[in-house]
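Report on the following structure.
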Amino acid sequence: MARYIGPKTKIARKFGDPIYGPDKSFEKKNYPPGQHGANKRRRKTSEYGIQLKEKQKAKYTYGVLERQFANMFDKASRSKGITGEVLLQLLESRLDNVVFRLGIAPSRNGARQLVSHKHITVNGKVANIPSYSLRAGDIIGVREKSKSIEVILNSLESIRYSHSSWLEWDQDQMAGKFLNVPEREEIPENIKEKLIVELYSK
């Protein structure tokens, strides 16, 4: 399946936001990439362009492909609640995202790889589908024979498990609990979901 594996700083500069986390290169060049750098005269972006950029930003942030994203939006639009907020909640409920949020992996790309390689379990059973949608009460853990993997241990030691109110972590068991779907104010991503809704509403 096609995934973006190119320079992450370039993408972050494109959106003017360090979507992949702290980035020293982004801090040095906090302007869009291009041949003439910061001095380049840029055209004013159209309303459609601004909306499209926000959708692309969300896709890159969560590592979701176009068709997946469209299907997720369709599901959100048919659900109760504010469509934009429901969309972000669906993205946050993905297994790869929760593995990242718990600190088992240092990035969503890393989390996706751990899930795909069968290092992660959900309710005691091996899960290898990164897009698996979690439900309240689900237990996400590290497979027993994978608990000594250096990448996971280093991540748990160095990563900032933020103790999100919608997640619970047990270091001894190396397992976390998905307590509930997060509210919008609990989602830290700098995404203007209303622009995405406006784009799909055209």
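The values are calculated or read from the model by the stated rules, or taken from the named source; none is laboratory data. Just so it is clear, the structure is predicted and the values come from calculations on it, not from any experiment. Here Cβ is always computed from backbone atoms with ideal geometry, including for glycine, and neighbour counts include all displayed protein chains.
Residue-wise test of (1) without any contact (Cβ under 8 Å) to a residue 40 or more places away in the chain; (2) within 23 Å of residue 179 (Cβ to Cβ); (3) surrounded by 22 or more Cβ atoms within 10 Å (Cβ to Cβ).
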{"residue": "101", "(1), (2), (3)": "no, yes, yes"}
{"residue": "137", "(1), (2), (3)": "no, yes, no"}
{"residue": "145", "(1), (2), (3)": "yes, no, no"}
{"residue": "152", "(1), (2), (3)": "no, yes, yes"}
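Looking at region 112-127, is at least one residue among the charged types (D, E, K, R), surrounded by 17 or more Cβ atoms within 10 Å (Cβ to Cβ), under 20 Å from residue 180 (Cα atoms) and in contact (Cβ under 8 Å) with a residue 12 or more places away in the chain?
The answer is no, given that none of the residues of region 112-127 is among the charged types (D, E, K, R), surrounded by 17 or more Cβ atoms within 10 Å (Cβ to Cβ), under 20 Å from residue 180 (Cα atoms) and in contact (Cβ under 8 Å) with a residue 12 or more places away in the chain.
Just to be sure, is residue 82 at pLDDT below 95 and β-branched (Val, Ile, Thr)?
No.
Grab the helices (runs of 4 or more DSSP H) fully contained in region 74-183, keeping just those with 1 or more residues being closer than 18 Å to residue 63 by Cβ and among the charged types (D, E, K, R).
Counting at least 1 such residues, we get 83-92, 95-101, 108-116.
Residues of region 51-73 being buried (at least 16 other Cβ atoms within 10 Å of the Cβ), of a type in the set (A, V, I, L, M) and in a helix (DSSP H, G or I), which ones?
58, 72
Looking at region 148-159 only, could you name the residues that are closer than 13 Å to residue 171 by Cα and touching a helix residue (DSSP H, G or I) at 6+ places or on another chain (Cβ under 8 Å)?
Result: 152, 155.
So the check is Cβ under 7 Å with 6+ separation or different chains; which pairs have a first residue in region 78-95 that's in contact (Cβ under 8 Å) with a residue 24 or more places away in the chain and a second one that's assigned to a helix (DSSP H, G or I) and acidic (Asp, Glu)?
Listed pairs, sorted by first residue: 84/193; 85/193; 87/193; 88/193.
From the list 199, 156, 167, exactly one residue is farther than 30 Å from residue 49 by Cβ, aliphatic (A, V, I, L, M) and out of contact with any strand residue (DSSP E or B) (no Cβ under 6 Å at 6 or more places or on another chain). Which is it?
Of the residues listed, the single one that is farther than 30 Å from residue 49 by Cβ, aliphatic (A, V, I, L, M) and out of contact with any strand residue (DSSP E or B) (no Cβ under 6 Å at 6 or more places or on another chain) is 156.
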